[in-house]
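The values are calculated or read from the model by the stated rules, or taken from the named source; none is laboratory data. These numbers come from a predicted model, not from an experiment. Virtual Cβ from ideal backbone geometry, glycine too; neighbours counted across all protein chains shown.
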Amino acid sequence: MRKLKLTHPDFQDLTEQKAAKVLEILEATQSLLIEEGYAGLSMRKVAARCNMTVGNLTYYFATKQDLVHVLLDVALEGYTDDIREIMADSSLTGEQQLAQGLEFIMQDLLTRETTRFFPELWAMANHDPVVNGEVQGLYDREQGLINQLIAKVRPDLGADDRKKLALYISAAIEGHTIFIGHDKGWNSKSREVIDLAVQNFLDLVRNWGKSA
């Protein structure tokens, strides 16, 4: 999982001291989700990890939902920056950019942080409609990036076809977490599984809508 960084323009006006505190709070929230799960996430526990009172914490984030909202934005920003770097690499063909972008996302599934963090978000989304909306927004953005990569390979495809392909690929990638993620049963075969998945995704995009 990418290290959290406050690169979004929304944070540019913060003083260095406030930015450091916001980052500390977000890292504590992320750690609680990874280590203790959905049940372990509370404003009180986040405040305790940051050696501050709940009252001081609410100065930065009024509710747990606000915390999750900003955490998802910041977490996704790192992925977005890395994938955009791949998309901007003019030395790569469209297919190479798509392959590298998808492999980048899948390789991240192997980290302990990602293996635990995202399933906990899914659990939270099942119980909290606000978090559910935030998680959906996160995947909408991920699918938007995949959509752009698909367009580089198949500029002839219509918007609806690209959207369906991006949705399918995103869902398929996330489904690998419980099989090849950190400490999961097929983790030792992750290289082979990722190669197979990326090749199949490429074939799917190449051949979508073409007659046999």
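Can you tell me which residues in the range 158-179 are acidic (Asp, Glu) and more than 16 Å from GLY101 (Cα to Cα)? Spell out how you get there, then give the answer.
Looking only at the range 158-179, we keep the residues that are acidic (Asp, Glu), and these are 160-161, 174.
The answer is ASP160, ASP161.
Hey, ALA39 hits all of (1) free of Cβ contacts under 8 Å to residues at least 60 places away in the same chain; (2) farther than 22 Å from ASN132 by Cβ; (3) exposed (fewer than 13 other Cβ atoms within 10 Å of the Cβ) but one; which does it fall short on?
Against the list (1) free of Cβ contacts under 8 Å to residues at least 60 places away in the same chain; (2) farther than 22 Å from ASN132 by Cβ; (3) exposed (fewer than 13 other Cβ atoms within 10 Å of the Cβ), ALA39 comes up short only on (2).
Taking the condition within 20 Å of GLN97 (Cβ to Cβ) and without any contact (Cβ under 8 Å) to a residue 12 or more places away in the chain, does ASN147 pass?
Working: within 20 Å of GLN97 (Cβ to Cβ): yes; without any contact (Cβ under 8 Å) to a residue 12 or more places away in the chain: no.
Judged against the criteria, ASN147 is not a match.
If a residue has to be among the basic types (Lys, Arg) and within 23 Å of ASP140 (Cβ to Cβ) to count, how many in the range 153-212 make the cut?
Step one: of the range 153-212, the residues among the basic types (Lys, Arg) are 154, 162-164, 184, 189, 191, 206, 210.
Filter once more, keeping what is within 23 Å of ASP140 (Cβ to Cβ): 154, 162-164.
Residues that pass the stated criteria total 4.
Go through the range 1-18 and report how many residues are at pLDDT below 70 and either touching a Ser or Thr at 6+ places or on another chain (Cβ under 7 Å) or closer than 16 Å to TYR59 by Cα (or both).
The number of residues fulfilling the criteria is 1.
Taking the residues in the range 61-73 that are without any contact (Cβ under 8 Å) to a residue 40 or more places away in the chain and surrounded by 13 or more Cβ atoms within 10 Å (Cβ to Cβ) as candidates, determine which candidate is nearest to LEU32 (Cα to Cα). Walk me through it before giving the result.
Just the residues of the range 61-73 that are without any contact (Cβ under 8 Å) to a residue 40 or more places away in the chain, to begin with: 61-64, 66.
Filter again for surrounded by 13 or more Cβ atoms within 10 Å (Cβ to Cβ), leaving 61, 64, 66.
On the way: PHE61: 16, LYS64: 12, ASP66: 16 Å.
For the range 61-73, the residue satisfying everything is LYS64.
To keep it simple, each residue is scored yes or no on (1) under 20 Å from the mean Cα position of the chain (by Cα); (2) modelled with pLDDT of 90 or more; (3) under 20 Å from ASP140 (Cα atoms).
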{"site": "ALA20", "(1), (2), (3)": "no, no, no"}
{"site": "LEU41", "(1), (2), (3)": "yes, no, no"}
{"site": "LYS64", "(1), (2), (3)": "yes, no, no"}
{"site": "HIS69", "(1), (2), (3)": "yes, no, yes"}
{"site": "LEU76", "(1), (2), (3)": "yes, no, yes"}
{"site": "GLY101", "(1), (2), (3)": "yes, yes, yes"}
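Please go through the range 108-138 and give me each residue that is under 13 Å from the mean Cα position of the chain (by Cα), surrounded by fewer than 17 Cβ atoms within 10 Å (Cβ to Cβ) and over 20 Å from LEU32 (Cβ atoms), ordered by number.
GLN136, GLY137
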